[in-house]
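Taking it in order: structure first as structure tokens, then the write-up.
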Amino acid sequence: MTKIKFPFGKPILNNKEYVSVTRVLKSNILVHGSISKKFENSFKKYTNSKEAISVSSCTAGMHLTYFSLGIKKGDEVIVPAQTHISTAHAVELTGARPVFVDCISETGNIDISKIEKKINKKTKAIAVVHFLGIPVDVYKVKKIAKKYNLFVLEDCALAIGAKYNNKHVGTIGDVGVFSFYPVKHFTTGEGGMIITNKKKLAKKLRLLKAFGVNKIFSERKRGIYNSDHLGFNYRMSEIHAVIGFEQLKKLKIFLKKRNLNFQTYLNNITKRKNIEILKSTNDNLKSSHYCISIILKNKLATLRDKINQQINNMGVGTSIYYPQPVPRMNYYKKRYGYIKKEYINAEIISDNSIALPVGPHLKKKEVISICKIVNKIIGSFDE
Ligand SMILES: *Cc1c(COP(=O)(O)O)cnc(C)c1O
């Protein structure tokens, strides 16, 4: 095993989180408490949205949203092909069918020009993913959605802090859903958040995330409640919430470091005609830099696994975002078939890219060291 000196991702936790978790544990109130509310309120303020609903993961949040909208078997939802499998699973879990759309090569974001062709009578919603923190032009997507009366879900799992014309991602579509999995921008262990400006929908999401019962814990007397609805247990515990509350306070610093590290890569990775870097193509789109993804081209493209391995052998934690276009994953391929030529750009990103770390666990000096390693290895294949 290689010793990884520069991990791809690492949660930044310190005494603030340790002390607050202990305080929650000693309070004996582990769910239904005030801290998840406090976390929701600070998240609302941060994103400037009207409602924030804490959930147990981003996947749970997306599934809950579709379920609450009544999306079901026989319906279809437009989903990007280049994303985490979760974006599609959240649709599939309702019985509806995810209908995949290829991405554009510059950013990895959904190719908006290809959405309309996939819309039919069964289509109920469009999901977009702000790929690696690069904002999608959700206004353009909304225009299409309006024409066909469709719901817009923004999968913001990689994009907290990303802004479009100074509006936080997740606030332009109907809902935005975030992830606090350990290697995302900040963590709660596992966890997620839904934001929306729709009060009525928020009420339904809160109801169905907790079994659909008609009384929240504090309203119950002698354990009495009833239910008109089918629902889940997708709540966030107070233990998770307090970690998120503390982490959110640090987000500004985290994002500043991510931006600095990303710029350091741009300044230090040797420019070559055989590589390209996925990045925002418009100054109004402020990326929150989940990682930096290098696309290998021409003769370098077929050497991806070799180059990735060699970089890894030098102690740099690498990853691939994402390792397959989702419709090519076995589950979806078997279920719906796979037409390769429909997903040309998603294939290039999955098969020819290497993702390098930009997280706040890395100092500028360390990023420069990574760049030297990467330049040397790529250079040795690109003579
Ligand atoms: C990580 C991720 C998810 C899943 O988030 P969980 O909180 O682990 O459910 C969904 N979508 C995207 C784009 C992701 O990167």
Using 1/(1 + (r/R0)^6) with R0 = 35 angstrom and r between the beta carbons of Asn330 and Lys147, what's the FRET efficiency to the nearest 0.05?
0.50
What is the list of residues in the stretch 24-49 whose amide nitrogen lies under 20 Å from a point 7 angstrom out from the Cα of Asn166, following Cα to Cβ?
44-49
Based on Cβ point charges of +1 for Lys and Arg and -1 for Asp and Glu, what charge dipole magnitude is obtained for the stretch 267-335 about its Cα centre, in debye rounded to the nearest 20?
340
Projected label distance in nm at Asn298 and Lys10, using a 7 Å step from Cα toward the beta-carbon:
3.7
Assigned charges on the beta-carbon of Lys, Arg, Asp, Glu; the chain dipole about Cα centre (debye)
820
Which links in Lys10/Lys364; Lys167/Lys250; Lys73/Lys146 stretch past 18 Å when you go from one Cα to the other?
Lys167/Lys250; Lys73/Lys146
Output the peptides 262-271, 60-69, 322-331 sorted from most to least packed, where packing is the average of other Cβ atoms within 10 Å over each peptide's residues.
60-69, 322-331, 262-271
Just want the answer: with Cβ charges of +1 for Lys and Arg and -1 for Asp and Glu, which residue in His185, Gln324, Ala52 is farthest toward the dipole's positive end in the chain?
Ala52
Can you name the helices of the chain, as whole DSSP H runs, whose Cα span along the helix axis is 24 Å or more and whose Kyte-Doolittle mean is not below -1.0?
238-268, 364-381
In the chain the accessible area split gives carbon plus sulfur, as whole percent at 1.4 Å, a share of 54
Looking at Ser293, Asn313, Gly74, which one has the Cα that reaches farthest to the positive end of the dipole of the chain (charges on Cβ: Lys, Arg +1; Asp, Glu -1)?
Gly74
How large is the charge dipole for the stretch 206-331, taken about the Cα centre, if only the Cβ atoms of Lys, Arg (+1) and Asp, Glu (-1) carry charge, to the nearest 20 debye?
260
Name the lysines eligible as straight-distance cross-link partners of Lys334: C-alpha to C-alpha under 16 Å, and not fewer than 8 places from it in the same chain.
none
In whole Å, what is the distance between the alpha-carbon centres of the stretch 159-205 and the stretch 1-32?
21
When you count, for each residue, the other Cβ atoms within 10 Å and take the mean per peptide, how do 16-29, 93-106, 363-376, 173-186 rank with the highest first?
173-186, 93-106, 363-376, 16-29
Surface accessible to a 1.4 Å probe, Ser34 within the full protein complex, Å²
80
Please figure out what share of the DSSP beta bridges in the stretch 138-232 is antiparallel and state it in percent, rounded to the nearest 5.
75
Of all DSSP beta bridges with both partners in the stretch 1-134, the antiparallel percent, nearest 5, is 10
How about Lys16: which aspartates and glutamates have a C-alpha closer than 14 Å to its C-alpha, ignoring those fewer than 8 places off in the same chain?
Glu246
Over 25 Å between Cα atoms: which of Lys45/Lys257; Lys257/Lys279; Lys5/Lys372; Lys45/Lys365 fall into that group?
Lys45/Lys365
Probe 1.4 Å - accessible area at Phe217, Å² to nearest ten:
120
At 222 nm, what helix-only mean residue ellipticity would the chain give, in deg cm²/dmol to the nearest 500, using -39500 (n - 2.57) for each DSSP H run of four or more?
-11500 deg cm²/dmol
Among His84, Ser105, Ile115, the residue whose Cα sits farthest towards the positive end of the charge dipole of the stretch 82-126 (+1 at Cβ of Lys and Arg, -1 at Cβ of Asp and Glu, taken about the Cα centre) is Ile115
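The values are calculated or read from the model by the stated rules, or taken from the named source; none is laboratory data. The shown structure was predicted, so the numbers you read here are calculated from the model rather than taken from an experiment. Cβ: placed from backbone, ideal geometry, glycine included. Neighbour counts: every protein chain shown. The accessibility values were calculated without ligands, DNA or RNA, using every heavy atom of the protein model including side chains. Shrake-Rupley method; radii C 1.70, N 1.55, O 1.52, S 1.80 Å.
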